[in-house]
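Participant: Questions regarding the structure given below will be posed in turn.
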Amino acid sequence: MQVSETTQAALAVFLSVSFSSWAMGESPEQDIQDMSDPLAVYTQLGVGYSDKGMNIKIGQMYDTGSESTMGMNVIELKGLAGDLIGWNGGGDKRQQSTRNNQPDAFRFRNFSADMTRGRGTQLDLSYDLRSEMGSASYSFIQALPKMGAVTLYPLAGMGVAFGNNVQDEQSGYTLPGVFAIAGMYGKLDITDRIWLNYNPMVVKPLSGADFYMNAGSETLHEAAVSYQLLPRLNLRYFANWSNKTAFQDGDHRIEVNYQI
């Protein structure tokens, strides 16, 4: 099956931005950020192979106007060429039968990190192009003192859910409810090049439509195994699941990231 024009266009944009960013990237003399640190801010390119298709990621560091605060925007497209190279539909035969080469999801994140306090903020916008459902949240992150090989980064924030035709075909885009989110990023150093991450998050509805409140809280799990191939290049395996989605039915991907 041929890759769709939409997928080809997305890949073309990604590659053009990638090569131009690479050419305009930082010089070798500039500091290399610790890519295992969840609060690290740097310009980056990433390509991932998942059970739903290919993911592409572009992260751009920007000047916040403060010497102590660093900022970064990250854009991700997920599920490209899913019918061509994907192998799973999330445990749902209906998803497998309708899998195509169009992007499945879009995610935008804005990070701001105060390097003197080990404190950060995160704006996280996610949208599922299939279900036409999404969420936007704003969270605060604080790095705790390192405990041996373990470092914890507690997170807390609030957000809003939104979607198209959530209850009926005439509803258009609506806001079913608001939620609180709490969790952490956790890191375990195995060697100076290998580390493990476990990032649990609890999403609790606070108010909204009855169907939204009745769905109840959701516990999200993310686990990762990472290997730093070169100072600017790493290889990572991710698994995402929840209390409502079994591990084997969750999202699994292998990702290569390059720091510019």
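Participant: Say whether the condition of being small (Gly, Ala, Ser), more than 12 Å from Ser36 (Cβ to Cβ) and in contact (Cβ under 8 Å) with a residue 40 or more places away in the chain is met by at least one residue in the range 235-245. Steps first, answer last, please.
Facilitator: Taking the range 235-245 first, the residues small (Gly, Ala, Ser) are 239, 242.
Retained after the next criterion (residues that are more than 12 Å from Ser36 (Cβ to Cβ)): 239, 242.
Those still in the list that are in contact (Cβ under 8 Å) with a residue 40 or more places away in the chain too: none.
No, the conditions are met nowhere in the range 235-245.
Participant: Now for a different question. Taking the criterion of being small (Gly, Ala, Ser), assigned to a strand (DSSP E or B) and surrounded by 14 or more Cβ atoms within 10 Å (Cβ to Cβ), would at least one residue in the range 194-212 satisfy it?
Facilitator: Looking through the range 194-212, at least one residue is small (Gly, Ala, Ser), assigned to a strand (DSSP E or B) and surrounded by 14 or more Cβ atoms within 10 Å (Cβ to Cβ).
Read-outs throughout are calculated quantities, based only on the coordinates presented, and are distinct from any laboratory measurement. Quick caveat: nothing in here was measured; it's all calculated off a predicted structure. Here Cβ is always computed from backbone atoms with ideal geometry, including for glycine, and neighbour counts include all displayed protein chains.
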